[in-house]
Amino acid sequence: MDYRESLRYLLSFTDFEKLPGSAYSAANFDLRRMAELLSPLGNPHLSPRTVHIAGTKGKGSTAAMIASALSSAGYRTGLYTSPHLHTFRERMAVDGEMIEEETFADIVGRVRPAVEEVNRRHQYGELTTFEILTAVAFSFFDHCGVYYQ
């Protein structure tokens, strides 16, 4: 799978960023899907320390400043933001460097079997583009050995 094929694959799932006004319901936003997806991947979200930023304004800027400060302090830092301006690769970076196309495609390819298994079981609904992309980011950060994400 190359970069363009990996993007086509990701975008073949429900994307709530492109469906404004979608009903918010437990069926649409059930975190058990993520637990099912991340478990066979080795739970990559549990290894690094995490800074989670919530709110309505300034999250991207705040995250970028925190990541920059931690990198300057000598920590290997992963930054995952949404949305992107030009390329999905902007959404995940380690120490300020965007994920490479080849690495992105490789990790999407490694995550894909787990995605297909979760969706095959369909126990908690199908995974969304954002959920899969989040698993890709966690896997990328795990691959890079980040200390903070």
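Quick look at the values:
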| item | result |
| --- | --- |
| With DNA, RNA and ligands ignored, accessible area of D142 (1.4 Å probe; Å², nearest 10) | 80 Å² |
| The chain - accessible surface per residue (Å², probe 1.4 Å) | 59 Å² |
| Those trypsin sites (Lys or Arg not before Pro) in the stretch 58-149 that DSSP places in a loop and that have at most 16 other beta carbons within 10 Å | R76 |
| In the stretch 38-127, the GluC sites (Glu not before Pro) that fall in loop regions by DSSP, at most 15 other Cβ within 10 Å | E100, E126 |
| Over the chain, relative contact order from alpha-carbon pairs under 8 Å, at least 6 apart, % | 40 percent |
| Helix runs (DSSP H) in the chain reaching 20 Å along axis by Cα, Kyte-Doolittle at least 0.0 | 129-144 |
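The values are calculated or read from the model by the stated rules, or taken from the named source; none is laboratory data. Model, not experiment: these values are computed from the prediction. Cβ atoms come from the backbone with ideal geometry, glycine included; neighbour counts cover every protein chain shown. All accessible areas refer to the heavy atoms of the entire protein, side chains included, with ligands and DNA or RNA removed. Shrake-Rupley method; radii C 1.70, N 1.55, O 1.52, S 1.80 Å.
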